1. From the list 75, 110, pick out the single residue that is under 26 Å from residue 258 (Cα atoms) and modelled with pLDDT of 95 or more.
2. Take the stretch 122-162 and flag every residue that is among the basic types (Lys, Arg) and farther than 22 Å from residue 90 by Cβ.
3. Scanning for something at pLDDT below 90, surrounded by fewer than 16 Cβ atoms within 10 Å (Cβ to Cβ) and closer than 19 Å to residue 149 by Cα, does the stretch 260-273 turn up at least one residue?
4. Return the residue satisfying two criteria in turn: it lies in the stretch 42-72 and is among the aromatic types (Phe, Trp, Tyr) and exposed (fewer than 14 other Cβ atoms within 10 Å of the Cβ), and of such residues it is modelled with the lowest pLDDT.
5. What number goes with the only condition from (1) farther than 20 Å from residue 71 by Cα; (2) among the aliphatic types (A, V, I, L, M); (3) without any contact (Cβ under 8 Å) to a residue 60 or more places away in the chain that residue 261 does not pass?
6. Which residue is surrounded by the fewest Cβ atoms within 10 Å (Cβ to Cβ), if the candidates are limited to the stretch 139-170 and must be of a type in the set (A, V, I, L, M, F, W, C) and more than 25 Å from residue 202 (Cβ to Cβ)?
7. For residue 226, work out the one condition from (1) crowded, with 16+ Cβ neighbours inside 10 Å; (2) touching a Ser or Thr at 6+ places or on another chain (Cβ under 9 Å) it doesn't fulfil.
8. In the stretch 99-146, which residues are assigned to a helix (DSSP H, G or I) and acidic (Asp, Glu)?
Amino acid sequence: MAHLQGLKVKRNSVLPGFGISLGFTMFYISILVILPLSTIFIHSVTVPWSKVWETISDQRVVASYQLSIGASLLAAFINVVFGVLIAWVLVRYRFPGRRMIDGLVDLPFALPTAIAGIALTTLYSQNGWIGQFLNFKVAFTPLGITLALTFIGLPFVVRTVQPVLQNVDKEIEEASASLGANRLQTFVRVIFPELLPAALTGFALAFARALGEYGSVVFIAGNMPMRTEITPLLIMTKLEQYDYAGATAIAAVMLIFSFILLFVINLLQWWTNRKFI
């Protein structure tokens, strides 16, 4: 009897179809994610370490690391600030054209990246519609690269924070105000802890998207070695030169850095959930 009860508990403790769903999920992720990424490391291992180190430590390659990672981090930080602000406006206020603005947020998702790069270059070049009125140069500079990366990363933050804001009960803010808290205290102590995990997720997604971006950046960057040459462009250049070993070595470095940063962000999310929840 006890044996039968144990079988019943075991059968009811798992969702129906869990085994099949888990197996299909692991197979799908392995084919589309794990296997392609593992080939980068496998191909890099077959190359002598001296050649790999010579490739990844080249002065031109290191300069591209600094530019790609620095511009991606800066763009992600900008997107967190303005993405949270845009999400706040879209959720908390009702005004004419709100739905149109809400739809425009997703435009970078639908717009081909090459078209985005051409459009930004046209706008911000020295003779462009906006660039001609500026006293500083935007296109073909690191500033232009950051602008393009900010453009393509904004929707990740807005769409991550927006559902969280919609679930924040306004009565909690009213209770905070009734207890004597001003608006800044209410935001810092009531709203911010709710938004922080979602903002970190949006930051991670925006950064990961920016780090591997190519199409929207290659036009506005100018691609000047040691100045505005991004790492994805160097990888494409080596592939065009049939230097597959060099391309995979550089890609492996970027992949490792991405994994490390995403791991750190996941730790921060875990810490914030544990601290504030």
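1. Sole residue among the options that is under 26 Å from residue 258 (Cα atoms) and modelled with pLDDT of 95 or more: 75.
2. Within the stretch 122-162, just 137 meets the criteria.
3. yes
4. Ranking the candidates gives 49 first.
5. Failed condition: (1).
6. This residue is 140.
7. For residue 226, the failing item is (1).
8. Residue satisfying the conditions is 102 alone.
The values are calculated or read from the model by the stated rules, or taken from the named source; none is laboratory data. All figures in this text were calculated on a predicted structure; none of them were measured in a lab. Because the Cβ atoms are built from the backbone with ideal geometry, glycine has one as well, and the counts that use them run over all protein chains shown.
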